[in-house]
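Report on one structure; see the data block that follows.
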Amino acid sequence: MVKMETAELDTDLSLFKYDNLEQLPPRYRELEEDERTERIDAALEDLGDDVVILGHNYQRREIVEHADFIGDSYQLSKEAAEADAEYVIFGGVTFMAESADIITDDDQSVILPSMEASCPMAGMAEALQVDSAWAEITAAAPDADIIPITYMNSYADLKAFCASQGGLVCTSSNAHEAFEYAFNKGDKVLFLPDKHLGENTAHRLDMEEEIAEWDPWDPEGKDADEVAESDIILWDGYCQVHERFREEHIDQVRADNPDANVIVHPECRREVVEAADKAGSTATICETVANADPGDTWAIGTEIHLTNHLQRWHPEVNVVPLCGDACMDCNAMRQIDPNYLTWVLEELAEGREHNVIEVAPEEKELAGVALDRMLEI
Ligand code: 13P
Ligand code: SF4
């Protein structure tokens with residue numbers, strides 16, 4: 001494969017990219033649930049087919065109850081691609097809304113109800129930072145074709161960067177297929193930003209001996225000559241919600257109930273995934289509990305809202321949070337407050353759009369290539 005020039009992307013710190021996003025007007029801040037539900041239903045009735053609401057599995061109950069589709073990142077990106085509504089309201093975080101904007105047609109608007117919903121892990125790999133790491137690593141491995149793969153949990157400029165270098169996007173449900181695609185095409189993979197998903201995927205492919213880590217914040221942690229000797233280079237990013245789970249939590253659950261089964265998200269540490277009975281995306285976690293026999297116990301190692309939903313959706317199964325009260329909610333996902341949903345819907349019904357996510361045109365096309373490659377694998 002011919003090496004491409006490093007992309008020159010005009011990029012800013014991702015968290016502050018959307019400075020046009022607005023805060024909730026004070027009159028929406030104290031709504032009671034009954035009133036809010038009535039007002040959301042009335043606005044949805046007015047808007048009819050013009051609007052579709054997509055809700056990630058980690059959203060609060062009051063959001064998923066209004067969602068037309070609930071799912072994991074992969075399912076929601078497919079739903080966004082198929083949606084023909086004029087407005088796609090995204091109950092999720094910024095990178096998901098960006099991906100929806102890239103995938104939907106130009107005459108559709110993607111609305112992220114709250115501006116604060118930014119995944120910290122996505123912010124751990126800034127395109128500018130990756131661009132300079134790329135220059136160092138490719139210089140240290142001049143004869144190798146390195147394929148960059150970015151997890152869906154990344155900003156559009158990084159997705160665009162990966163496409164420009166022959167790479168692609170993956171989600172937690174198809175990371176192993178993205179690695180296979182990359183190794184068919186090139187010699188090495190640079191995986192961003194989640195080192196745990198990268199490590200878990202390398203294990204799944206029996207390539208755990210091939211791993212090296214690149215820590216962009218530690219001058220001692222990024223030796224280009226050293227990492228260039230490995231086939232899989234992992235960016236040192238992580239999710240705080242999932243890093244919290246430890247093997248001791250699994251031991252404790254099994255000590256409390258020897259029949260308990262454990263399922264965790266692949267953003268968890270390697271040893272946790274290894275010790276669990278099963279690991280998979282949020283959709284896999286949902287399917288597993290949906291298919292469990294009545295009376296089975298499943299301990300869930302992921303964001304607490306999903307565990308709570310599963311307890312409500314499947315009362316016949318004994319669903320428990322893997323680390324009890326210490327399980328975290330995702331601060332970014334939590335920002336999608338139902339009051340924000342009420343506000344954006346009522347405003348849309350009056351013909352006013354707020355908090356529209358619009359990826360810059362120069363990023364949109366290339367990031368779209370990276371997403372299309374994922375949808376094709
Ligand atoms: P899924 O793709 O499994 O839904 O996960 C998204 C996410 O943000 C996990 O933290
Ligand atoms: Fe990001 Fe973790 Fe929240 Fe997922 S759970 S959106 S990875 S911070």
- Which of (1) within 24 Å of Glu116 (Cβ to Cβ); (2) of a type outside the set (Ser, Thr, Tyr); (3) open to solvent by less than 10 Å² (accessible area, probe 1.4 Å); (4) not in a helix (DSSP H, G or I) is the odd one out, the single condition Val319 does not satisfy? (1)
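Results for (1) within 16 Å of ligand 2 (Cβ to nearest atom); (2) over 20 Å from Ala279 (Cβ atoms); (3) surrounded by 15 or more Cβ atoms within 10 Å (Cβ to Cβ); (4) not aromatic (Phe, Trp, Tyr), shown as yes or no for each residue.
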| position | (1), (2), (3), (4) |
| --- | --- |
| Thr201 | yes, no, yes, yes |
| Ile211 | no, no, yes, yes |
| Pro216 | no, yes, yes, yes |
| Val227 | no, yes, yes, yes |
| Phe245 | yes, no, yes, no |
- Task: Quick one: which residue in Asp105, Asp143 is away from ligand 1 (no atom under 16 Å from the Cβ), modelled with pLDDT of 95 or more and not in a helix (DSSP H, G or I)?
- Result: Asp143
- Item | Considering residues of the range 134-148 that are of a type in the set (Val, Ile, Thr) and open to solvent by less than 20 Å² (accessible area, probe 1.4 Å) only, the residue farthest from Lys159 (Cα to Cα) | Ile137
- If you check His265 against the conditions, is it away from ligand 1 (no atom under 16 Å from the Cβ) and at negative phi? no
- Message: Being over 17 Å from Cys286 (Cα atoms) and modelled with pLDDT of 95 or more is the requirement here; does Asp84 meet it?
- Response: no
- Query: So which residues in the range 25-65 are surrounded by 11 or more Cβ atoms within 10 Å (Cβ to Cβ), away from ligand 2 (no atom under 16 Å from the Cβ) and small (Gly, Ala, Ser)?
  - Reply: Ala42, Ala43
- Per the list (1) open to solvent by 20 Å² or more (accessible area, probe 1.4 Å); (2) within 21 Å of Leu366 (Cβ to Cβ); (3) assigned to a helix (DSSP H, G or I); (4) without any contact (Cβ under 8 Å) to a residue 60 or more places away in the chain, residue check on Glu79 breaks on (2)
- Query: Residues in the range 271-293: is at least one of a type in the set (Val, Ile, Thr), in a loop (DSSP other than H, G, I, E, B), within 15 Å of ligand 1 (Cβ to nearest atom) and under 16 Å from the mean Cα position of the chain (by Cα)?
  - Reply: no
- Flagged in the range 346-355 as open to solvent by less than 50 Å² (accessible area, probe 1.4 Å) and either out of contact with any Phe, Trp or Tyr (no Cβ under 9 Å at 6 or more places or on another chain) or among the aromatic types (Phe, Trp, Tyr) (or both), in numbering order, are Glu347, Ala349
- The residue that is nearest to ligand 2 (Cβ to nearest atom), considering only those in the range 148-199 that are farther than 25 Å from Thr94 by Cα and assigned to a strand (DSSP E or B), is Val189
- Considering each residue of the range 45-66, count those that are closer than 27 Å to Cys286 by Cα and over 18 Å from the mean Cα position of the chain (by Cα), and give that number. 6
- Query: From Ser118, Ser114, Ser132, which residue is assigned to a helix (DSSP H, G or I) and either among the hydroxyl-bearing types (Ser, Thr, Tyr) or without any contact (Cβ under 8 Å) to a residue 60 or more places away in the chain (or both)?
  - Reply: Ser132
- Query: Looking at the range 181-188, is at least one residue more than 14 Å from ligand 1 (Cβ to nearest atom), of a type outside the set (Val, Ile, Thr), buried (at least 24 other Cβ atoms within 10 Å of the Cβ) and without any contact (Cβ under 8 Å) to a residue 40 or more places away in the chain?
  - Reply: yes
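Restricting to the range 189-234, name every residue that is within 16 Å of ligand 1 (Cβ to nearest atom) and closer than 21 Å to Met124 by Cβ.
As a first pass, look at the range 189-234 and keep what is within 16 Å of ligand 1 (Cβ to nearest atom): 191-201, 204.
Those that are within 16 Å of ligand 1 (Cβ to nearest atom) and closer than 21 Å to Met124 by Cβ: Phe191, Leu192, Pro193, Asp194, Lys195, His196, Leu197, Gly198, Glu199, Asn200, Thr201.
The values are calculated or read from the model by the stated rules, or taken from the named source; none is laboratory data. Source: prediction; values computed, not measured. So basically every Cβ, Gly included, is an ideal-geometry build from the backbone, and we count neighbours across all protein chains shown. Note: accessible area is taken over every heavy atom of the protein model, side chains too, but ligands, DNA and RNA are not part of it. Shrake-Rupley method; radii C 1.70, N 1.55, O 1.52, S 1.80 Å.
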